[in-house]
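So the structure is just underneath, and the comments pick up after that.
Read-outs: derived from the displayed coordinates by stated rules, not from any lab. Just so it is clear, the model here is predicted, and its values are computed rather than measured. With ideal geometry, Cβ positions are generated from the backbone for all residues, glycine too; neighbour counts draw on all protein chains shown.
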Amino acid sequence: MSSLAPVRGVLLAHGDLAFGMADAVRQITGIGEEALLPLSNRGLSPETLSQAVLKLVGDQPAILFTDMQSGSCSFVARRLTQQHPGLAVVSGVNLSLLLEFVMQRQLGLEQLIPRLLSRGRAAIGCTPAELEANGHRAVSG
Amino acid sequence: MGIALYRVDERLIHGQVVVGWGNQLHPQRIVVVDDGLAGSGWEQELYTMGLPAGLATEFVDVAGARERLSAWRNAPETVVVLTRDVATMRRLGEGGALAGEEVNIGGIHHAPGRQEVLPYVFLSRGESDELQALARDGAEVSARDLPGTRRVPLDHLMLPERFR
């Protein structure tokens, strides 16, 4: 894979989520499938989903964005990174992270990934802010 | 407690299992029965990344799983047993080891040689025969992708005659 080409993004998610998020990115930035390609796992086996991802990635470095870390999309994506060194996976994406990606994708993976993680994490918050301080009351599951 | 779900799902540990069934059954352990994965540490790591804290996982081959079925059934925790294909579940249940147990078909997707029987279940002739063999060995086979959806019994999962 060429290191000069801008990084491509493939967004894998359950249901129609990827298409909705990609549409939101396009609405906000005007940047569409030249940067971020949506893909649903609906009805696809892991093998078929892998083939669909590779077809979209082509011969470019790419980030595979996934919705949830323990889902089948993430499993397929992580497995592909074992076989294709130009790929990386970012899971648990949100809109801020994707916006940063399409605006900064000329950066290489090494610079881009930490930046995206930082932006995505920083974008999560709540109002009123004091509710966030109630973390000790949260229950798991 | 004990084994709350036996499920055939090509995706093994994924959203429907962890969230959909997980919120219904509250398992403390997921057992993946698969000869290939049992010996592949890196693949096991891929499957277990991001799982909720407190959910243990175990990857065992079919022979090991047959030896441990009784222990899982009597465990003080709730266990989910997964295989990625019908043949593995059939081997697990050989000789009546799953007699009286309900085996859930949760996700077998389109592939060459398979025909659709439900939107989330595609079967080859061989897989259809394996399911019937599993039932003959005493398992109650049905399909259901999520706890809230309709349970489809085995006799509704048979391939149309023209594919047999």
Taking the options B:ASP85, B:ASP129, name whichever one is within 14 Å of chain A (Cβ to nearest Cβ) and acidic (Asp, Glu). B:ASP85
Out of B:ARG150, B:ARG91, sole residue that is charged (D, E, K, R) and not in a loop (DSSP other than H, G, I, E, B): B:ARG91
Can you find a residue that is within 23 Å of B:LEU25 (Cβ to Cβ) and touching a residue at least 40 places away in the same chain (Cβ under 8 Å) anywhere in the range B:115-127? no
Inside the range B:72-88, the number of residues satisfying the requirement of being more than 12 Å from the chain's Cα centre (by Cα) and part of a helix (DSSP H, G or I) is 2
For the range B:37-56, pairs from a residue that is more than 8 Å from every other protein chain (Cβ to nearest Cβ) to a residue that is surrounded by 13 or more Cβ atoms within 10 Å (Cβ to Cβ) and among the aliphatic types (A, V, I, L, M), with Cβ under 6 Å and 6 or more apart or across chains, are B:ALA38/B:VAL60
Read through the list (1) more than 16 Å from the chain's Cα centre (by Cα); (2) buried (at least 23 other Cβ atoms within 10 Å of the Cβ); (3) not hydroxyl-bearing (Ser, Thr, Tyr), then give the number of the only condition that B:MET49 fails. (2)
Is it true that some residue in the range B:106-113 is within 19 Å of B:LEU69 (Cβ to Cβ) and either of a type in the set (Gly, Ala, Ser) or in contact (Cβ under 8 Å) with a residue 40 or more places away in the chain (or both)? no
With the requirement that a residue be exposed (fewer than 14 other Cβ atoms within 10 Å of the Cβ), more than 15 Å from A:VAL53 (Cβ to Cβ) and either of a type in the set (A, V, I, L, M) or under 14 Å from the mean Cα position of the chain (by Cα) (or both), what does the range A:24-42 give you? A:ALA24, A:ILE28
Scanning for something more than 14 Å from every other protein chain (Cβ to nearest Cβ) and of a type in the set (Lys, Arg), does the range B:8-21 turn up at least one residue? no
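Determine if the range A:109-128 includes at least one residue that is under 20 Å from A:GLY15 (Cα atoms) and not in a helix (DSSP H, G or I). Working first, answer last.
Quick first cut of the range A:109-128, residues under 20 Å from A:GLY15 (Cα atoms) only: none.
No.
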